[in-house]
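For reference, the structure is listed below as structure tokens.
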Amino acid sequence: MKPKYKRVLIKLSGEALAGEKGIGINLPTVQEMAKEIQEVAASGVQIALVIGGGNLWRGEPAEQAGMDRVQADYTGMLGTVMNALVMADSLQQYGVDTRVQTAIAMQQIAEPYVRGRALRHLEKGRIVIFAAGTGSPYFSTDTTAALRAAEIQADAILMAKNGVDGVYNDDPRKNADAIKFDELTHMEVLKQGLKIMDSTASSLSMDNDIDLVVFNLNESGNIKRVVFGENIGTTVSNKKG
């Protein structure tokens with residue numbers, strides 16, 4: 001069986017690395033995810049990662065406490081670098097050649113983001129983790145994922161969610177009658193205000209014709225199922241069917 005996608009960008013929330021505690025980094029949890037990603041990489045799929053930083057830092061509460069937005073965002077970017085380094089180490093433990101590229105120069109610990117170098121790493125079967133967001137404040141890691149996916153010409157963004165198995169018209173944890181969508185268009189997501197990614201990221205994905213697959217990360221094997229085309233979660237594209 002052939003993979004559906006040749007090159008994917010997997011977007012993980014920072015909280016995904018925290019395990020049940022919800023904050024910090026839980027190494028066994030990271031190692032479980034790394035093992036699953038390694039299995040997908042072994043099938044020949046080229047993989048890039050973007051990881052949020054919400055397990056280590058959330059800018060919104062800091063701003064509410066009076067912190068400058070720009071400083072809060074830069075602090076969050078550094079959190080994403082910490083997550084990227086930990087994930088890279090776990091992948092290396094499973095024998096996966098991995099590179100971290102940062103949008104803010106910190107050459108002692110990671111490569112600076114260079115598109116051509118990232119593409120060469122992917123072509124050689126290495127996993128590339130894009131860290132430090134876009135390098136600019138006011139842009140989320142969702143926007144980073146959409147931007148980097150466009151730059152590396154990824155076939156799809158895999159939006160791995162904690163305990164959420166797709167996109168619903170309401171919060172399924174609060175409303176038992178919430179309806180799950182199997183397919184949506186990017187335009188429908190924007191018009192209906194469905195909070196999958198921020199609007200900048202959704203627009204970037206639409207403009208560059210990049211599929212988005214939203215699925216439950218907490219179910220073992222789901223990343224591989226999505227890559228091989230199983231109908232799980234919700235697929236967002238420019239055309240249905």
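The values are calculated or read from the model by the stated rules, or taken from the named source; none is laboratory data. All values derive from a computational prediction rather than experimental measurement. Cβ: placed from backbone, ideal geometry, glycine included. Neighbour counts: every protein chain shown. Each accessible area value is taken on the protein alone, full model and side chains, heavy atoms only, with ligands, DNA and RNA left out. Shrake-Rupley method; radii C 1.70, N 1.55, O 1.52, S 1.80 Å.
Summary table
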quantity	calculated
Considering residues of segment 94-110 that are free of Cβ contacts under 8 Å to residues at least 40 places away in the same chain and open to solvent by 40 Å² or more (accessible area, probe 1.4 Å) only, the residue nearest to the chain's Cα centre (by Cα)	99
Helices (runs of 4 or more DSSP H) contained entirely in segment 26-93, each with at least 3 residues that are within 30 Å of residue 138 (Cβ to Cβ) and open to solvent by 50 Å² or more (accessible area, probe 1.4 Å)	59-64, 69-93
Breaking point among (1) in a helix (DSSP H, G or I); (2) at pLDDT 95 or above, for residue 16	(2)
First in segment 163-174 and farther than 17 Å from residue 13 by Cβ, second anywhere and modelled with pLDDT of 80 or more and of a type in the set (A, V, I, L, M), Cβ under 7 Å, 6 or more apart	168/178; 168/179; 169/178; 169/179; 170/178; 172/178
Boolean, residue 82 is free of Cβ contacts under 8 Å to residues at least 60 places away in the same chain, out of contact with any helix residue (DSSP H, G or I) (no Cβ under 6 Å at 6 or more places or on another chain) and within 23 Å of residue 96 (Cβ to Cβ)	yes
Residues of segment 205-234 that turn out to be crowded, with 21+ Cβ neighbours inside 10 Å and either of a type in the set (Gly, Ala, Ser) or out of contact with any Phe, Trp or Tyr (no Cβ under 6 Å at 6 or more places or on another chain) (or both), as a count	9
Residue count, segment 74-96 (criterion: over 16 Å from residue 36 (Cβ atoms), in contact with a Gly (Cβ under 9 Å, 6 or more places away or on another chain) and of a type outside the set (Ser, Thr, Tyr))	7
Top-ranked residue in segment 129-187 [being at negative phi, among the small types (Gly, Ala, Ser) and in a loop (DSSP other than H, G, I, E, B); ranked as surrounded by the most Cβ atoms within 10 Å (Cβ to Cβ)]	154
